[in-house]
Structures are given as structure tokens and as C-alpha cells.
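Visitor: Mind having a look at this structure? Questions to follow.
The values are calculated or read from the model by the stated rules, or taken from the named source; none is laboratory data. This is a predicted model, so every value here is computed, not measured. Virtual Cβ from ideal backbone geometry, glycine too; neighbours counted across all protein chains shown. Protein only, heavy atoms only, side chains kept; ligands, DNA and RNA dropped before computing areas. Shrake-Rupley method; radii C 1.70, N 1.55, O 1.52, S 1.80 Å.
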Amino acid sequence: MRIAIVGAGMAGLSCADVLVGSGHDVTLLDKGRGPGGRMSTRRIQTPVGSASFDHGAQYFTVRDPDFTQLVSSWSQRGLAQPWPPAGHDAWVGVPGMSAVIRDMAQGHDTHYGQTVRGAIRTDRGWQMVTEQLQAERFDAVLVALPAEQAAALLGPIDLGMARHAVMARSQPCWTGMFAFAERLPTDSPIVRNKGLISWAARNSAKPGRGGPEAWVVQATGSWSAEHLEDCEADVEKCLLAAMGEALELDLGTPIASAAHRWRYAMSAGLSEGVLWNAQVGVGACGDWLLGPRVESAWLSGKALAERVCGDHVFAARSSQTSGNKSR
Ligand SMILES: Cc1cc2nc3c(=O)[nH]c(=O)nc-3n(C[C@H](O)[C@H](O)[C@H](O)COP(=O)(O)OP(=O)(O)OC[C@H]3O[C@@H](n4cnc5c(N)ncnc54)[C@H](O)[C@@H]3O)c2cc1C
């Protein structure tokens with residue numbers, strides 16, 4: 001089958017891996033400028049070198065046996081390492097979280113800078129609507145987006161599926177990124193649940209990172225929701241002040257700083273795992289169908305691909321059988 005996957009984050013790429021491995025022809029469309037999704041890594045130039053920040057997912061758990069096998073292959077190739085301060089089963093991409101997404105995207109037909117606005121069903125299959133309208137036809141459309149974005153896309157093409165997506169609400173997360181000229185005088189690489197901070201970490205202390213002292217500070221869901229439309233400069237100030245309070249340090253002025261608004265950061269999570277309508281060839285996967293984690297996104301993407309492959313084999317067998325019968 002020719003299959004379009006909307007969203008080339010962990011779920012979309014995991015789905016693509018299995019589909020391509022089963023002989024399908026897969027095209028991934030992503031609105032981002034490059035690989036990452038919510039596993040992005042941002043680099044900011046400072047007077048003392050380039051600072052790197054994992055401003056989305058901080059680490060990923062490794063529990064499922066198949067995911068363990070994949071992570072072990074990343075580890076052997078220097079793309080992932082354990083990060084014990086975050087937990088006994090916590091791993092990070094090396095030299096940034098996006099490294100594993102970049103690796104997974106390689107070898108797939110992935111198109112960045114392509115915001116998908118909709119999909120139109122024609123008698124020759126699905127036509128994807130992007131800013132540069134594409135004339136290609138696909139047998140199936142798989143949506144691998146955060147729930148709210150999935151709902152908007154699925155609404156006109158599969159109302160039942162869209163209803164599921166509407167039920168899975170995500171929490172927002174304001175993230176601050178701060179680089180300092182010198183190492184901060186604290187030994188704690190991680191701060192959890194202090195004031196408006198849900199998580200702060202010394203990014204430069206993660207395995208395989210270099211560059212100047214760099215911290216990522218993430219606000220709680222409730223603070224982020226309350227301040228969602230604030231400007232970046234104001235949020236930066238609040239997060240820096242909160243970090244100083246949490247570490248009981250006078251942080252002075254960072255040599256570089258930025259803030260990022262994740263509108264759909266952590267999904268509430270349904271338990272379906274995947275959604276798939278074989279009759280029209282529309283499916284959905286992503287963390288919101290399992291749990292708000294990288295590993296869940298990977299599992300959901302893989303499960304959707306297995307459903308698609310299973311149904312495809314079944315459909316091919318049935319048509320063969322009915323063909324045989326009619327002869
Ligand atoms: C701040 C933050 C902290 C987190 N911390 C952790 C953590 O520590 N551990 C953990 O396991 N998980 C964490 N997560 C959750 C984790 O990042 C996600 O569960 C996982 O990355 C989801 O992968 P996904 O493929 O489902 O979605 P995404 O990574 O969001 O991928 C969706 C892709 O779709 C693209 N897209 C969106 N709309 C369109 C459109 N219309 N057309 C085309 N492309 C589109 C986006 O550009 C994106 O690349 C965190 C997330 C955030 C935001």
C-alpha cells in the first residue's frame with residue numbers, strides 16, 4: 001500500500017519502521033523544520049560556545065522488551081545512554097534527545113515544513129492537502145499527532161476517531177532554557193516539583209553533552225495553562241526567578257536564554273493504544289492513546305502499523321480466497 005503518515009515524531013517514525021519493513025511504501029509529512037517533535041533539541045549560540053537544550057522530553061523510560069532491544073542498538077551506535085539521576089530505567093539520546101529521532105527518520109521518505117491541512121478521499125485514494133497542495137494519492141492516512149491536532153485533522157475524515165481525540169486533553173508546558181558563563185555552585189542536577197517548577201535539569205550534565213552550563217526549566221501544567229498567552233520574555237523572567245529560588249542561588253544574568261510554549265505537552269492518555277478504520281484506510285497513533293511518554297508513543301506507532309499490516313494481509317487473503325471460489 002501507499003501510506004501517508006502525518007507527523008514524524010516518535011509515534012509516526014515507529015509506525016513507518018514497521019510498515020516499510022513489511023514492504024509498504026510510506027511517506028511522512030511533518031510541519032517541523034527538522035526531526036524532533038516533542039523530542040527536540042535546541043542549540044543556542046553563546047559567547048562561550050553553543051549551548052544545547054532538550055526542551056521537550058527530558059529522558060525516556062525503557063521497559064518494553066522490543067523497545068529495550070531498539071534502545072540497546074542505539075546504545076551500541078552511541079546514540080543513547082542511561083541517565084541514572086532521572087531513574088534506574090531512564091535513558092537519553094546522545095548528544096541530544098533528537099539524535100534518535102534523526103536516526104529513525106534517515107532512510108524514510110520524510111518531508112519537513114509540510115503542514116497537513118486535511119485529506120480528501122477521491123476514487124483513487126487519499127489526497128493530502130498541504131500548503132503546497134500535493135497531487136499524490138495514498139491508500140491509507142495515518143495520523144501521528146498530539147490529540148488536539150489529531151482531532152482537527154480527523155474531524156472531516158473520520159468523525160468517530162476525532163471524538164476519541166477530543167476526549168484526550170493535553171496539558172501545556174512552558175519551558176525555559178538558560179545558559180551560564182560558569183558552572184552553578186550546586187550539585188543537584190535535577191529539581192522536581194518546587195513552586196511553579198515541575199522539573200528543572202542541568203542539561204549540560206546529561207551524558208554526551210558538551211558546551212557551557214545549560215539548564216532546562218519546565219513549569220507545572222497549571223502554571224503553564226494560566227500563563228499560556230504570556231510573552232516569552234515575561235515567562236523567561238518568571239522561570240529564571242523560580243529556578244533561583246529552588247536552587248537557593250543568585251543566578252545573575254544568563255549568557256543566553258529562551259522560552260518555548262508547548263501547547264500540547266503531556267497527554268492525559270486514553271487506553272486504546274491505536275485507532276484504525278480499515279474500511280476507509282484511516283488510523284491514529286501517538287502517546288495520547290497509551291500514556292504521556294516517549295516509550296508509549298513508540299509502542300502506539302508500532303501497534304498501529306501491525307494492525308494495518310494484519311488487516312492488509314487478511315484483505316489480500318480474503319480476496320484471493322473469493323477469487324479462487326469464483327473460479
Ligand atoms: C515539555 C515536555 C516534557 C516531556 N517530558 C517527557 C519525559 O521526560 N519523558 C517522556 O517519556 N516523555 C516526555 N514528554 C512526552 C514525549 O515527548 C511524548 O510523549 C512523545 O515525544 C510523543 O511523540 P509523538 O510522536 O506522539 O508526538 P510528537 O513528538 O509531538 O510528534 C508529532 C509531530 O507532528 C508534527 N505535526 C503537528 N501537526 C502537524 C500537521 N498539521 N501537519 C504535519 N505535521 C504536524 C509535529 O511537528 C511533530 O513533529 C514530554 C513532552 C514535553 C512537551
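Visitor: Can you tell me how many residues in segment 12-24 are open to solvent by 10 Å² or more (accessible area, probe 1.4 Å) and in contact (Cβ under 8 Å) with a residue 60 or more places away in the chain?
Guide: Qualifying residue count, segment 12-24: 5.
Visitor: Would you tally the residues in segment 252-282 being charged (D, E, K, R) and within 8 Å of the ligand (Cβ to nearest atom)?
Guide: Qualifying residue count for the region: 0.
Visitor: Going through segment 270-315 one residue at a time, which ones are β-branched (Val, Ile, Thr) and surrounded by 17 or more Cβ atoms within 10 Å (Cβ to Cβ)?
Guide: Once the filter is applied, which keeps residues that are β-branched (Val, Ile, Thr) and surrounded by 17 or more Cβ atoms within 10 Å (Cβ to Cβ), segment 270-315 yields Val274, Val282, Val294, Val308.
Visitor: Separate question: Mind checking which pairs have a first residue in segment 155-167 that is more than 16 Å from Gln279 (Cα to Cα) and a second that is among the aromatic types (Phe, Trp, Tyr), Cβ under 8 Å, 6 or more apart or different chains?
Guide: That search, which allows pairs on different chains as well, returns Ala165/Trp288.
Visitor: Suppose we keep only residues that are surrounded by 18 or more Cβ atoms within 10 Å (Cβ to Cβ), assigned to a helix (DSSP H, G or I) and polar (S, T, N, Q) within segment 204-256. Which one would you say is nearest to the chain's Cα centre (by Cα)?
Guide: Ser224
Visitor: Trp298: modelled with pLDDT of 95 or more, within 9 Å of the ligand (Cβ to nearest atom) and of a type in the set (Phe, Trp, Tyr), yes or no? Please lay out each step first, then the result.
Guide: Working: modelled with pLDDT of 95 or more: yes; within 9 Å of the ligand (Cβ to nearest atom): yes; of a type in the set (Phe, Trp, Tyr): yes.
It is true that Trp298 is modelled with pLDDT of 95 or more, within 9 Å of the ligand (Cβ to nearest atom) and of a type in the set (Phe, Trp, Tyr).
Visitor: Cys285 fails exactly one of the following numbered conditions: (1) in contact (Cβ under 8 Å) with a residue 12 or more places away in the chain; (2) more than 16 Å from the ligand (Cβ to nearest atom). What is the number of that condition?
Guide: (2)
Visitor: Working carefully through the options Thr61, Thr41, Thr68, find the one that is of a type in the set (S, T, N, Q), within 14 Å of the ligand (Cβ to nearest atom), more than 30 Å from Ile255 (Cβ to Cβ) and outside the structural domain of Gly208 (by TED's automatic domain parsing). Steps first, answer last, please.
Guide: Values: Thr41 fails: more than 30 Å from Ile255 (Cβ to Cβ); Thr68 fails: within 14 Å of the ligand (Cβ to nearest atom).
The match here is Thr61.
Visitor: Right, next: Take the residues in segment 98-118 that are among the polar types (S, T, N, Q) and within 13 Å of the ligand (Cβ to nearest atom); name whichever of them is nearest to the chain's Cα centre (by Cα).
Guide: Ser98
Visitor: List the number of the failed condition for Gln127; all other conditions in (1) outside any loop (DSSP other than H, G, I, E, B); (2) outside the structural domain of Ala305 (by TED's automatic domain parsing); (3) not β-branched (Val, Ile, Thr) hold.
Guide: Only one criterion is unmet by Gln127, namely (2).
Visitor: Report whether or not Trp262 is under 27 Å from Met128 (Cα atoms), modelled with pLDDT of 95 or more and not assigned by TED's automatic domain parsing to the domain that holds Gly160.
Guide: Yes: the conditions hold for Trp262.
One line per residue, one yes/no per condition, for (1) touching a strand residue (DSSP E or B) at 6+ places or on another chain (Cβ under 7 Å); (2) modelled with pLDDT of 95 or more:
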residue: Phe60; (1), (2): yes, yes
residue: Phe67; (1), (2): no, yes
residue: Val71; (1), (2): yes, yes
residue: Ser75; (1), (2): yes, yes
residue: Ala80; (1), (2): yes, yes
residue: Ala90; (1), (2): yes, yes
residue: Gly93; (1), (2): yes, yes
residue: Met97; (1), (2): yes, yes
residue: Gly107; (1), (2): no, no
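Visitor: Further question on the same structure: If you take the residues of segment 33-52 that are under 30 Å from Trp126 (Cβ atoms) and open to solvent by less than 20 Å² (accessible area, probe 1.4 Å), which of them is modelled with the lowest pLDDT?
Guide: Our first condition is that a residue be under 30 Å from Trp126 (Cβ atoms); within segment 33-52, this holds for 33-40.
Then drop every residue that is not open to solvent by less than 20 Å² (accessible area, probe 1.4 Å), which leaves 36, 39.
Working: Gly36: 92, Met39: 98.
Only one residue tops the list, namely Gly36.
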